Amino acid sequence: MVDDGQWEEIHRLAKKSKQREKKKKRDKKIKESLEEFTKSFRWNFRFFGKP
């Protein structure tokens, strides 16, 4: 049987894991948007010269 202390530990670890997944997802979105910005900036620079 699992006692209260062990349940607290399980919930704490699950919460940590969930937060880590959220951070990974957020970091991936930031990276993708930065790549998109960089790509569009390069194209603008190529066609219109210096900003």
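The values are calculated or read from the model by the stated rules, or taken from the named source; none is laboratory data. It should be emphasised that the depicted structure is a prediction, and the values quoted were computed from it without experimental measurement. Note that each Cβ is placed from the backbone with ideal geometry, even for glycine, and that neighbours are counted across all protein chains shown.
Might you check whether a residue that is in a helix (DSSP H, G or I), surrounded by 10 or more Cβ atoms within 10 Å (Cβ to Cβ) and under 15 Å from the mean Cα position of the chain (by Cα) occurs anywhere in segment 37-48?
For segment 37-48, residues in a helix (DSSP H, G or I), surrounded by 10 or more Cβ atoms within 10 Å (Cβ to Cβ) and under 15 Å from the mean Cα position of the chain (by Cα): absent.
Before we move on, is SER40 at pLDDT 90 or above and hydroxyl-bearing (Ser, Thr, Tyr)?
On the way: at pLDDT 90 or above: no; hydroxyl-bearing (Ser, Thr, Tyr): yes.
No; evaluated as a whole, the condition is false for this residue.
Can you tell me which of (1) at positive phi; (2) surrounded by 10 or more Cβ atoms within 10 Å (Cβ to Cβ); (3) not charged (D, E, K, R) is the one ILE10 doesn't meet?
(1)
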